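Report on the following structure.
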Amino acid sequence: MRYFAASLLLVSFVVSSCAAPIPKGIVKDEVAIVGTWKFDKFDGGVVETPPGFSEVTFTFQEGKYTMSAGGKTVTEGSFKLDPEAKVKTVDFIEKTRTIPAIYELDGDTLKICSEDGANPVRPTETKSDGKKIFVITFKRVKEEKKEK
């Protein structure tokens, strides 16, 4: 019986030491971003808030996103987060292009920073440059509690 317990302990040690650890931020941010986010602020430097942006929402769920305005889908696709990067990155993957961006996720506030144009380059900091780089701030939409 003593050999069985020792063998079981050894096997459980080997199995647990061989399993790859899950990086802390990946699961946390992928779970924390799930939900619907409503437009709050636009910082495009010299560019003002584009018309209709006050109605923009992003909905994230299980690697997919939908951007809507006025209740209609504007674009949708998949997204990939890298919260372990020096500056957290997100790629928005559409049918014909990938939009590289960076993000900050702090509770119920989500900031997405990207570059405007046909071939955007990922920004290196969450700050508008007053020309092509913009920052959009979203606030989480609270779900209404359903009565039973």
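In terms of other Cβ atoms within 10 Å, LYS142, LYS28 run from fewest to most in the order LYS142, LYS28. Inter-label distance, LYS127 to THR96: 3.5 nm, where each label sits 7 Å from its Cα along the C-beta direction. Listed from fewest to most Cβ neighbours within 10 Å, the set THR75, THR59 follows the order THR75, THR59. In this rough spin-label picture, where each label sits 7 Å from Cα along the Cβ direction, the ASP108-ASP40 distance is 0.9 nm. Over 21 Å apart at the Cα level, from the set LYS28/LYS95; LYS41/LYS111; LYS41/LYS142; LYS28/LYS111, are LYS28/LYS95. Projecting label points 7 angstrom from Cα along Cα→Cβ for LYS80 and GLU55 puts them 3.4 nm apart.
Values in this text are rule-based calculations from the coordinates and carry no lab data. Fair warning: this is a prediction, and the values are worked out from it, not measured in the lab. Glycine also receives a Cβ, built like all others from the backbone with ideal geometry; neighbour counts cover every protein chain displayed.
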